[in-house]
Amino acid sequence: MQRYVRRPVLAATLGAWSALAMAQPATTTDLKNVVVTATRTPQSAADTLAATTVITRADIERTQAQSLAELLGDTPSLSIANNGGPGKATAIHLRGTDANQVLVLVDGVRWGSATSGQAAIQDFPVSQIQRIEIVRGPRSSLYGADAVGGVIQIFTRNGEGAKGRGPTPYFSVTGGSYDTWKGQAGVSGATKRLHYNFSVSGDYTSGFNACTGRPFSSPKGGAGCYANQPDHDGYHREDGSANVGYTFDNGWSISGHYLRSDGNTQYDGSTTDSSHSVQEIYGLSVDAPLTDFWRSKLSLSRSRDLSKNYLHGDYVSRFDTRRDSVSWQNDFVLAKRQSATLGVDHRQDAVTSSADYKQNKRDNTGVFGEYQGRFGAHEIDLAARGDDNQAYGEHATGSVTYGYHLNQTYTLTASYGNAFNAPTFNDLYYPDTPGYPPASNPDLKPEKSRTGEIGIKATPGWGHWAIHAYQTDIDDEITLDANYTPQNVNSARIRGIEGEATAYLGRWRIGANADWLKAENREHGANFGNDLARRPDYSASLQIDRDLFSRFSAGASAKLVGSSYNDLANTDKLGGYALFGLRGEMRVTSAWKIQAKLSNLFDRHYQTVDFYNQPGRAVYVTVRYSPGQI
């Protein structure tokens, strides 16, 4: 349908990379960002050996992203599968792994449903985000279960960027297509010892028809939502967050954070067609520099995923999950450029539901350690962890990462690590239906993976770029047998190459990334060699922004996504697509901005999940008051 746009977009992306390679040096400051997700300790984004992408608050406002999925969508080797628009079920595939094989953290708190194993990213408010760190590659050696494809950590707005200011208000209002209205108001501030941020927001849209509602006799096999409801499937959500921290005279600090998202969404379905969901995340931590070489941090947290489901307005079911965690981490300075980390995590998952689960609680304790050292041009990172889970027993993971600094600009990297993905409560304990085969399997083992990776990255004066190649082998993958009972049978092999680059050239900012992926089923049988479902075989994106005059800036985006299959049998193909967008901004004063965005410029029809529609051409206008970057 869109073959004619593939070569121009890919050529534009490769052309941008070529231009970046030959560009003259320019001043940039984004490499001074400090990241913590890759090693659980602070380090410069330029120094981390892991494949890491950082999205800042400035990036969020510049791109005018309308959802977390859209914000993450330009990350290398990350694809999105969405079931019909805003507020609908959305899955993240990172480096070809399943959505429940990607660990999502919010301010250090593990977030996601214990029943489904996925984080409800469709319900997370972009307006409450300060920054995001995406680390690609296995991280079970530091975080335990589920970090097979990588870790995505979201940091909420905390006021630290307002240092030296008293209470400073900020707000924004957005209106646009599909009767969309968004609003946010907050106050932020920071002194030498105190920082704080309080914010509320709302998101309302009438949406569009989520599902095509094709007949049950579709040659592709099934009708997607198994219902024909040609209506607008709306979504509305209210959010609030608070983040406060205080540092004492002795260097000790205490901080607390809270976020709540309360959403209602409509969709098309035969058993349920609307739901009410609540996401809550809160935590308290104490950070103590005990000596010149020893720093200790104790954290307590809870996350909740609550949902009620309805059909034609009548209550059908309820699934509520809770995760309580305590973590004690100790960081040691061993010598110059040498450090060690030792820690322990304990977590309890609990489920209350209208369905009577066979078990509704389980505990997990993990002990981890890490060594980081640099010797001249050589750098090494060693990590190991042991987890003991009440449901699936003991599991050990480890990783080794090596970096060789050719000079101050270029670094070669190589790494190897294993990871595992925990069976969910649905996998282990979902209640059986009398007269039908078992719906769960308490004997399931965690899925196990091994990943090898090589890469090169550079930080020239004009910006930064990186290229990585990797292979991940997954064993004991959990899948449903012919009776729809989960079993450890499948194996998969994922190979990929990814590249990204960002350049700052005078008034220009150019960002480009591209990836190729081969994610295939390796279980001997009818599906051997087939592609894993909903993993596009390639993607590329290009973002260009320029300050036009003292008060105006403009930007353009292009995204190319290759074809994929909607099913394991590879009989239901999802076509590739290309999307283009434009955006602009007028700075009325140093604090006031008027922004406009045009998405899906050519009104392309495409699907990331078969039968489920995606938005067409859309326009959004935002008025923003934000004194400084807070």
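The values are calculated or read from the model by the stated rules, or taken from the named source; none is laboratory data. What you are looking at is a predicted structure, and each value in this text was computed from that prediction instead of being measured. Cβ atoms come from the backbone with ideal geometry, glycine included; neighbour counts cover every protein chain shown. Side chains included, ligands, DNA and RNA excluded: accessible areas come from the protein's heavy atoms. Shrake-Rupley method; radii C 1.70, N 1.55, O 1.52, S 1.80 Å.
Quick check: convex hull of the Cα atoms in the chain, volume per residue, rounded to a whole Å³?
Numbers: hull volume 92.1 nm³, N = 630.
Roughly 146 Å³ of hull volume per residue.
What full-extension length gain, to one decimal in nm, is calculated for A596 and Y371 as 0.36 nm per residue of separation minus the Cα-Cα distance?
76.3 nm
Leaving out ligands, DNA and RNA, what percent of the accessible area of the chain is carbon and sulfur, probe 1.4 Å? Walk me through the numbers on the way to the answer.
Numbers: 15240 of 26610 Å².
Solvent-exposed carbon and sulfur of the chain make up 57 percent of the total.
Please list, ordered by chain and number, the residues whose modelled amide H lies under 5 Å from the amide H of T168; skip anything fewer than 5 residues away on the same chain.
S188, G189
I'd like to compare 71-80, 92-101: which one has the highest average count of other Cβ atoms within 10 Å, and what's the full order after that? Could the numbers behind the result be given before it?
Values: 71-80: 23.4, 92-101: 26.6.
Averaged packing, sorted descending, gives the order 92-101, 71-80.
Per residue, what accessible area does the range 413-544 have, given a 1.4 Å probe and all protein chains present, in Å²? Each step should come with its number before you reach the end.
Numbers: 5470 Å² over 132 residues.
For the range 413-544, the solvent-accessible area averages 41 Å² per residue.
Would you work out the relative contact order for the chain, in percent, from Cα pairs under 8 angstrom that are 6 or more residues apart? All intermediate terms of the calculation are to be shown ahead of the outcome.
Details: 1805 pairs, mean separation 80.3, N = 630.
Averaging sequence separation for qualifying contacts and normalising by length gives 13 percent for the chain.
Are there GluC sites (Glu not before Pro) in the range 510-603 that DSSP puts in a loop and that have at most 11 other Cβ atoms within 10 Å, and which ones? Don't skip to the answer; put the middle values down first.
Numbers: sites: E520, E523, E585; in loops: E523.
Passing sites in the range 510-603 do not exist.
Whose amide H sits under 5 Å from the amide H of D273, counting only residues 5 or more places off or on another chain, with H placed in the peptide plane?
For D273, the qualifying residues are Y310, L311, H312.
When all C-alpha to C-alpha distances in the range 153-195 are sorted into bins of 10 Å, what percent of pairs does each bin hold, rounded to whole numbers?
25, 35, 26, 11, 2
Say a paramagnetic label sat at a point 7 Å from the Cα of R318, along Cα to Cβ; which residues of the range 353-384 have their backbone N under 19 Å from it?
353-361
I need the chymotrypsin sites (Phe, Trp or Tyr not before Pro) found in the range 486-585, filtered to DSSP loop residues with at most 15 other beta carbons within 10 Å of theirs.
Working: sites: Y504, W508, W516, F528, Y538, F549, F552, Y565, Y577, F580; in loops: F528, F549.
Sites meeting the loop and neighbour criteria: F528, F549.
State in Å² the accessible area per residue of the range 33-79; use a 1.4 Å probe, count heavy atoms of protein chains only, and round to the nearest integer. Walk me through the intermediate numbers first.
Details: 1230 Å² over 47 residues.
About 26 Å² of surface per residue is accessible.
Once Rh for the range 565-625 is found with the Kirkwood sum over Cα pairs, what is the Stokes-Einstein diffusion coefficient at 10 °C and 1.306 mPa s, in µm²/s? The partial results should precede the final answer.
Numbers: Rh = 14.1 Å.
So the translational diffusion coefficient is about 113 µm²/s.
Over all distinct Cα pairs, what is the inverse of the mean 1/r for the range 303-416, reported as the Kirkwood hydrodynamic radius in Å? Each step should come with its number before you reach the end.
Numbers: mean 1/r = 0.0561 Å⁻¹.
Kirkwood hydrodynamic radius for the range 303-416: 17.8 Å.
Please list, short to long, the whole-number percent of alpha-carbon pairs of the range 410-531 in consecutive 5 angstrom bins beginning at zero.
Bins of 5 Å from zero give 2, 10, 14, 14, 13, 12, 9, 8, 7, 5, 3, 2, 1, 0 percent of pairs.
Would you pull out the residues with amide H under 5 Å of L574's amide H, same chain only if 5 or more places away, H placed 1.01 Å from N?
For L574, the qualifying residues are S564, Y565, N566.
Classify the range 507-630 from the C-alpha gyration tensor, please: rounded if a/c falls under 1.5, else prolate or oblate depending on whether a/b exceeds b/c.
Values: a/c = 3.31, a/b = 2.56, b/c = 1.29.
It is prolate, given that a/c is not under 1.5 and a/b is the larger ratio.
Please report the relative contact order for the range 537-591, taking Cα pairs under 8 Å with a sequence separation of at least 6, and give it as a percent rounded to a whole number. Don't skip to the end; give the middle numbers.
Working: 94 pairs, mean separation 18.7, N = 55.
Taking the mean separation of contacting Cα pairs over the length of the range 537-591, I get 34 percent.
Can you work out the accessible area per residue across the range 554-601, with the rest of the protein chains kept in place, probe 1.4 Å, in square angstrom?
On the way: 1860 Å² over 48 residues.
I get 39 Å² per residue for the range 554-601.
For S241, what charge total do you get from the other residues with a beta carbon under 9 Å from its beta carbon, if Lys and Arg give +1 and Asp and Glu give -1? Could you put the intermediate results ahead of the total?
Values: positive: R157, R260; negative: D239.
Summing Lys and Arg as +1 and Asp and Glu as -1 gives +1.
As an exercise, use a Förster radius of 56 Å and the Cβ-Cβ distance of Q390 and F549 to find the FRET efficiency, rounded to the nearest 0.05.
Values: r = 62 Å, r/R0 = 1.11.
About 0.35, to the nearest 0.05.
Over all directions, average the projected area of the Cα convex hull of the range 56-156 and note it in nm². Before the final figure, lay out the partial values.
On the way: hull surface 23.6 nm².
Here the figure is 5.9 nm², rounded to one decimal.
Say the dipole of the chain comes from +1 at the beta carbon of Lys and Arg and -1 at that of Asp and Glu; which of Q595, G393, L284 then lies farthest toward its positive end?
Farthest towards the positive end: Q595.
What are the ³J(HN,Hα) values, in whole Hz, obtained from phi via the Karplus relation 6.51 cos²θ - 1.76 cosθ + 1.60 with θ = phi - 60°, for each residue of the range 133-143 in sequence order, with x given for Gly and Pro?
Running phi through 6.51 cos²θ - 1.76 cosθ + 1.60 with θ = phi - 60° gives 10, 10, 10, 9, x, x, 9, 5, 5, 10, 10 Hz.
Sort 424-431, 278-285 by packing, meaning the average of other beta carbons within 10 Å per residue, with the highest value first.
Details: 424-431: 21.5, 278-285: 19.6.
Final packing ranking: 424-431, 278-285.
Can you give the helix-only mean residue ellipticity at 222 nm for the chain, where every DSSP H stretch with n ≥ 4 adds -39500 (n - 2.57) and the sum goes over all residues, rounded to the nearest 500 deg cm²/dmol? Show your work: numbers first, answer last.
Working: 5 runs with 38 residues, N = 630.
Taking each H run of at least 4 residues, the total per residue is -1500 deg cm²/dmol.
Mind listing the phi-derived Karplus ³J(HN,Hα) values for the range 323-330, rounded to whole Hz, using 6.51, -1.76 and 1.60 with θ = phi - 60°, and x for any glycine or proline?
10, 9, 9, 9, 9, 10, 10, 10
Would you please calculate the Kirkwood hydrodynamic radius of the range 376-452 over all C-alpha pairs and express it in Å, rounded to one decimal? Write down the numbers at each step before the final one.
On the way: mean 1/r = 0.0639 Å⁻¹.
Answer for the range 376-452: a Kirkwood hydrodynamic radius of 15.7 Å.
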